[in-house]
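Just so you know, all these numbers are worked out from the coordinates, no wet-lab data involved. These figures come from a predicted structure and were not determined experimentally. Quick reminder, even Gly has a Cβ in these numbers, built from the backbone with ideal geometry, and neighbours come from all protein chains shown.
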Amino acid sequence: MENNLEKYAELLVRTGINIQEDQILVITSPIECADFARLASIKAYESGAKEVVIRWIDEQSSKIRFDMAKDQVFDEFPEWIKTMLEGYAKKGAAFLSIAASDPELMKDVDPKKMSRQQKVMSQGLEAYRTRMMNNQNVWCVASIPTVAWAKKVFPGGTEKEALDKLWEAIYKAVRVDRPDPVAAWEEHQQNLNRRLDFLNNHHFKALRYKNAAGTDLVLALPENHRWVGGGDQGPHGKVFFANMPTEEVFTMPKADGVDGTVVSSMPLNYNGNLIEDFRFTFSKGKVVDFDARQGKEVLKELLDTDDGAKRLGEIALVPYDSPISNQKILFYNTLFDENASCHFALGKAYPSCIKGGDELSKEALKNEGANDSLTHVDFMIGTEDLSIVGITEKDEEVPVFEQGNFVNF
């Protein structure tokens with residue numbers, strides 16, 4: 001375990017964010033993950049970091065605040081957080097975020113309070129998040145187990161048994177169980193590149209999704225779209241991995257080019273609330289109807305964030321036969337579940353999915369067909385029978401997915 005912890009921390013620092021000499025690293029971490037955050041800071045200093053700044057997150061305190069604070073505070077966002085993150089971003093800092101929340105901690109919190117808080121936070125951090133989505137700074141999101149999360153994923157045993165099982169699952173997902181994780185990630189990138197070449201060379205104008213669960217959807221793609229995945233280039237051409245693990249290749253649909261119905265294939269953990277068995281119906285890009293067996297009110301609050309929250313900003317392809325999916329584990333954590341399944345995202349599109357998009361203004365991106373929003377929330381739609389057909393400019397139909405997997409991949 002100790003050896004794997006060292007390998008994992010080093011992988012995140014040297015491959016995930018690719019720390020550079022004299023660069024600042026900002027780590028956002030739950031307090032339950034303090035030991036690992038400190039280990040990552042040591043690895044960063046050993047790799048030449050100038051300074052490591054740790055921003056601690058305490059979910060339990062957040063829950064107390066939602067339950068007991070005065071109502072008006074949920075329409076306010078602390079200026080110091082904005083100043084801190086934007087300030088370090090402008091200094092060229094790298095950002096490592098550890099995502100390890102309790103999937104059910106916030107289930108009894110008023111969803112309207114959470115929605116209001118999420119909206120003002122998104123407004124306050126819009127400039128910072130735009131820098132991240134434009135790859136103006138390098139960043140990486142990763143996870144380590146916490147007791148509450150592990151017990152949700154592996155109920156029934158002791159806390160130690162649940163933690164050990166979740167550690168094992170994470171190590172497999174991020175390839176730390178391999179003799180040389182860095183080499184394993186290089187090989188993984190080569191496999192992703194073959195898929196990217198297939199998709200970018202065909203330059204589809206639309207994709208059609210179908211499965212037995214009820215998904216029947218057509219998504220138009222912007223003329224200048226591009227598929228990306230795995231590592232990406234940050235400032236000065238330095239390659240980093242925004243997510244570890246990652247199994248996806250992704251692009252954006254036209255904001256007004258989505259029509260049909262899509263059915264979720266996994267629960268969505270949104271702000272500590274589980275949304276289960278949900279579906280959306282789109283017309284001209286916009287959600288015109290939706291339903292959920294559980295969490296419908298939370299889903300409504302998400303869709304009401306702004307107009308862009310009712311439209312898709314990302315479409316991602318992940319084979320059903322992939323390392324995370326094959327573990328047959330529901331992680332209740334979007335970072336892992338989205339990399340076990342094809343998925344979409346409601347909200348803001350990544351500018352990097354348009355050729356030259358990192359240099360375009362909001363208005364220019366909109367003219368290219370990109371969706372804009374204060375939010376970006378992934379939800380899973382992949383199944384073992386999912387069919388995806390690409391439609392070319394000449395209206396030729398090319399199979400992309402059959403029985404949940406890439407054709408010829």
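Within 13 Å, Cβ to Cβ, of residue 185, how many net charges do the neighbouring residues add up to if Lys/Arg are +1 and Asp/Glu are -1? Display every interim value, and only then the final one.
Values: positive: 7, 14, 175, 178; negative: 10, 177, 180, 186, 187, 247.
Taking every Cβ under 13 Å from that of residue 185, the sum is -2.
For residue 380, the residues whose amide H sits under 5 Å from its own are 265, 266, ignoring neighbours fewer than 5 places away on the same chain, with H placed 1.01 Å from N.
Over all other residues within a Cβ to Cβ distance under 14 Å of residue 44, the charged ones net out to -2, with Lys and Arg as +1 and Asp and Glu as -1.
Over region 2-173, what is the relative contact order in whole percent, taking alpha-carbon pairs under 8 Å and six or more residues apart? Write down the numbers at each step before the final one.
Working: 228 pairs, mean separation 43.1, N = 172.
Once normalised by length, the contact order is 25 percent.
Counting helices only, and only those DSSP H runs with n ≥ 4, report the 222 nm mean residue ellipticity of the chain as the sum of -39,500 (n - 2.57) divided by its residues, in deg cm²/dmol to the nearest 500. Intermediate values should be presented prior to the final figure.
Working: 12 runs with 130 residues, N = 409.
Per the formula, -9500 deg cm²/dmol.
Straightening the chain between residue 3 and residue 35 buys 10.1 nm, computed as 0.36 nm per residue apart minus the Cα-Cα spacing. Normalised size of region 14-131, defined as Cα radius of gyration per 2.2 N^0.38 Å with N residues, equals 1.18. Across the alpha-carbon atoms of region 197-264, the computed radius of gyration and Dmax are 14.6, 46 angstrom.
Per the Debye calculation on region 154-309 with a single equal scatterer at every Cα and no solvent contribution, log₁₀ I(q)/I(0) for q = 0.13, 0.19, 0.20 Å⁻¹ amounts to -0.91, -1.27, -1.27.
What's the exposure ranking of 187, 301, going from fewest to most Cβ atoms within 10 Å? Let's see the in-between values first.
On the way: 187 11, 301 23.
Ranked by crowding around the Cβ, least crowded first: 187, 301.
Here is the size of region 299-409 from its Cα atoms: Rg then Dmax, 15.8, 43 Å. Across region 244-268, no residue has a backbone nitrogen under 17 Å from the label position 7 Å along the beta-carbon direction of residue 304.
Under 19 Å of direct C-alpha separation, and excluding same-chain neighbours fewer than eight residues apart, residue 7 reaches these lysines: 43, 165, 172. Here r is the Cβ-Cβ distance between residue 108 and residue 147 and R0 is 25 Å; the resulting FRET efficiency, rounded to 0.05, is 0.80.
Distances between placed amide hydrogens fall under 5 Å for residue 371 paired with 255, 349, all partners being 5 or more residues away or on another chain.
Let me check against my output: what whole-number percent is the relative contact order of the chain, with C-alpha pairs under 8 Å and at least 6 apart? Walk me through the numbers before you get to the answer.
Values: 868 pairs, mean separation 63.1, N = 409.
Taking the mean separation of contacting Cα pairs over the length of the chain, I get 15 percent.
The residues packed around residue 138, meaning those with a beta-carbon under 15 Å from its beta-carbon, carry a net charge of +3 if Lys and Arg are +1 and Asp and Glu are -1. Taking the DSSP beta bridges in the chain as the whole, what percent of them are antiparallel, to the nearest 5? Around 75 percent antiparallel, to the nearest 5. Charge dipole (Cα centre; +1 on Lys/Arg Cβ, -1 on Asp/Glu Cβ; no other charges) of the chain amounts to roughly 500 debye.
What you get for region 323-409, charging only the Cβ of Lys and Arg (+1) and of Asp and Glu (-1), is a dipole of about 280 debye around the Cα centre.
For region 76-153, what does the relative contact order come out to in percent, with C-alpha contacts under 8 Å and a separation of six or more?
Details: 58 pairs, mean separation 42.2, N = 78.
That works out to 54 percent.
Under a 5 Å amide H cut-off, with hydrogens placed 1.01 Å from N, residue 270 pairs with 275 among residues at least 5 apart or on other chains. The residue among 62, 148, 87 whose Cα reaches farthest toward the positive pole of the charge dipole of region 2-173, with charges on the beta-carbon of Lys, Arg, Asp and Glu, is 87. Cross-link list 70/286; 119/210; 50/70; 63/348; 91/362: which exceed 30 angstrom alpha carbon to alpha carbon? Beyond 30 Å: 70/286; 119/210; 50/70.
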